[in-house]
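Trainee: Starting off with a structure, shown below.
The values are calculated or read from the model by the stated rules, or taken from the named source; none is laboratory data. Small disclaimer: the values here were computed from a predicted structure and weren't measured. Here the Cβ positions follow ideal geometry from the backbone for every residue, glycine too, while neighbour counts run over all protein chains shown.
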Amino acid sequence: MKSILAIVALAAAGIALPAMAAQKTVVLSVPSMNCATCPITVSKALEKVDGVQRVKATLEPPEAVVTYDDAKVGVDRLTEATKQAGYPSSVKSER
């Protein structure tokens with residue numbers, strides 16, 4: 001109860017509370033992956049992006065499943081990272 005009162009008091013005082021970050025997962029289609037080292041390259045490119053928590057890239061199907069902190073990074077940055085690595089991608093689905 002005290003924590004609720006403290007939050008209400010802070011909000012009433014006009015103090016901004018930090019936005020609640022959400023962990024999200026996106027499946028990126030990466031059709032240009034065609035050899036055994038391609039998923040490794042895509043994974044490494046995505047893992048370098050601040051806010052990415054987990055990556056699983058596969059050759060079959062050619063996709064990358066990326067779990068990330070949406071307060072730090074967006075899907076546009078993820079697709080840009082794969083593009084910069086030489087593997088353009090698009091969003092297949094979001095979870």
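Trainee: If Thr37 satisfies every condition in (1) of a type in the set (S, T, N, Q); (2) free of Cβ contacts under 8 Å to residues at least 12 places away in the same chain; (3) surrounded by 19 or more Cβ atoms within 10 Å (Cβ to Cβ) but one, which is the exception?
Mentor: Thr37 satisfies every listed condition except (3).
Trainee: Right, another one. Checking the conditions here, which among Ala81, Ala57, Ala11 is assigned to a helix (DSSP H, G or I), aliphatic (A, V, I, L, M) and at pLDDT 95 or above? Break it down into steps so the answer makes sense when it comes.
Mentor: On the way: Ala57 fails: assigned to a helix (DSSP H, G or I); Ala11 fails: at pLDDT 95 or above.
That would be Ala81, the only listed residue that is assigned to a helix (DSSP H, G or I), aliphatic (A, V, I, L, M) and at pLDDT 95 or above.
Trainee: So is Asp69 modelled with pLDDT of 95 or more and out of contact with any strand residue (DSSP E or B) (no Cβ under 7 Å at 6 or more places or on another chain) or not?
Mentor: On the way: modelled with pLDDT of 95 or more: yes; out of contact with any strand residue (DSSP E or B) (no Cβ under 7 Å at 6 or more places or on another chain): no.
No: the conditions fail for Asp69.
Trainee: So in region 62-92, with the set limited to residues that are within 11 Å of the chain's Cα centre (by Cα) and of a type in the set (S, T, N, Q), which one is surrounded by the most Cβ atoms within 10 Å (Cβ to Cβ)?
Mentor: Filtering first and then ranking leaves Thr79.
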